[in-house]
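Okay, so here's the structure we're looking at.
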Amino acid sequence: MMLERVIGRFNGRKKGPLVLVFAGIHGNETAGVVALERAFNMLQTRLPGGETAFTGALLALRGNLPAIASGQRFIDRDLNRMWTMDHIHRIRQAEPGHLQTEDREMTQLLEVVHNALYEYQPEALIMLDLHTTSADGGVFVIPADTEASLRLAKTIHAPVVLGLLKGIEGSLLHFTEGNHFAVGGFPKQCLGVAFEGGQHDDPASIDRCLSAVFTTLRSAGCIPEEALAGPYDMLLHTYASTLPKVTRLRYVHHIRPGDGFRMRPGYRNFQSIEAGEHLADDAEGSVYASCSGLILMPLYQARGSDGFFVVEAL
Ligand SMILES: [Zn+2]
């Protein structure tokens, strides 16, 4: 099956921001892809006035096509850890035969986004990156480190996690933060959030991603405040009502190939843990919590470079 890069485009009659949504940057996280397919269907059939009632433009892209096709997080390299200007220069100078799968994906994504920016020349680019996690209950929003991104993140009904970008490098959010998509002077401003919609295979993760997409479009002023509201919005409202609104990263447990990292069973996102708690095992023995807090993204899949995160409520 040949997957298309573009999930959909929607061009409002009135000029406004370009909302750029990525899904499947990790190939085993397809809830966002399905949510976006539904979102375009609903925009076409259930937005009164259709494109005439839409302000700005929406472009949704599938991230890692070969990884999506094979149901894997990535083929050669994590596509959400390589968005740096250095790496782009390296790719541009490399022999085509020396490029890894994700280098080619990145090149194609950049080309599609650059073409859209050339064409539309928006003042603002609003990036939404849809993900899911291997553990249950992981629903949260990560803003790029700008005031405008944080404001946008807070409108999505899920806990906001600050400081996660400090634990990793080369994510799409880092790229957004530096406005590195910009071409020909556009956009002037770039804001971005990543949304974690829940467990990979939970059907509700699709609904939560759908809600995040429409909330972002409302917050960006693309669609009216009450447009396309639905039961999927309630899912997030209900979920977020018992969780802290804003949390900050305290600790990341990085793992390397050969660590043999195994998370102990039963950890859920935002579950309280105590300093000294036996969380996992690896080649060197037991892994204990170095601080108390709430656990985030405990790793229950074979691939990934972080074992778990610990956050504190602010
Ligand atoms: Zn992901």
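The values are calculated or read from the model by the stated rules, or taken from the named source; none is laboratory data. Just so it is clear, the structure is predicted and the values come from calculations on it, not from any experiment. No Cβ is skipped: glycine too gets one built from the backbone with ideal geometry, and neighbour counts run over all protein chains shown. Side chains are part of the model used for accessible areas, which takes the heavy atoms of the whole protein and leaves out ligands, DNA and RNA. Shrake-Rupley method; radii C 1.70, N 1.55, O 1.52, S 1.80 Å.
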Could you tell me what percent of the accessible area of the chain is made up of carbon and sulfur, with a 1.4 Å probe and every protein chain present? 51
Quick one: grab Rg to one decimal and Dmax as a whole number for the stretch 213-314, Cα atoms only, in Å. 17.7, 55
Rel. contact order, % - alpha carbon contacts under 8 angstrom, at least six apart, the stretch 1-157: 32
So, counting K/R as plus one and D/E as minus one, what does the shell of residues with Cβ under 12 Å around residue 32 add up to? -2
Here the Cα Rg-to-2.2 N^0.38 Å ratio for the stretch 118-249 is 1.05
In the structure shown, of 188/245; 14/154; 154/188; 14/245, the pairs separated by more than 24 angstrom at the C-alpha atoms are 188/245; 14/154; 14/245
Rg/Rh (Cα only; Kirkwood hydrodynamic radius) as it applies to the stretch 262-314: 0.94
On average, how much accessible surface per residue is there in the stretch 106-230, in Å², for a 1.4 Å probe, leaving out ligands, DNA and RNA? 34
Which of the GluC sites (Glu not before Pro) across the stretch 1-42 are loop residues per DSSP, with 15 or fewer other Cβ within 10 Å? 4
Calculated FRET efficiency for the pair residue 147/residue 288, C-beta based, R₀ 41 Å, to 0.05: 0.65
Simple label model, 7 Å out from Cα along Cβ direction - residue 229 to residue 169, nm: 4.6
When the charge dipole of the chain is computed with +1 on Lys and Arg Cβ and -1 on Asp and Glu Cβ about the Cα centre, the Cα farthest towards its positive end, among 298, 135, 33, belongs to 33
If amide hydrogens are placed 1.01 Å from N in the peptide plane, which non-local residues have theirs closer than 5 Å to the one on residue 190? 125
Return the loop-located trypsin sites (Lys or Arg not before Pro) in the stretch 242-283 (DSSP other than H, G, I, E, B) with at most 14 other Cβ atoms within 10 Å of their own Cβ; answer none if there are none. 245, 268
What spacing in nm lies between the two simple spin-label points modelled at residue 90 and residue 302, each 7 Å away from Cα in the Cβ direction? 2.5
For the chain, give the share of DSSP beta bridges that are antiparallel, in percent and rounded to the nearest 5; count only bridges with both residues there. 55
So for the pair residue 278, residue 248, with labels modelled 7 Å out along Cα→Cβ, what separation do we get in nm? 3.3
Considering every pair of different Cα atoms, what Kirkwood radius, in Å, is found for the chain? 19.9
What is the dipole size for the chain, taken about its Cα centre, with +1 at each Lys and Arg Cβ and -1 at each Asp and Glu Cβ, in debye to the nearest 20? 660
Name the long-range amide H neighbours of residue 264: under 5 Å, sequence gap of 5 or more, or other chain; modelled H, no Pro or chain starts. 280, 281
Under-5 Å amide H pairs with residue 7, H placed in peptide plane, nonlocal only: 60, 61, 62
Counting only heavy atoms of the protein chains, get the accessible area per residue of the stretch 1-47 (1.4 Å probe) and round it to a whole Å² value. 47
Put 253, 174, 98, 157 in order of accessible area, largest first, probe 1.4 Å, and you get 98, 157, 174, 253
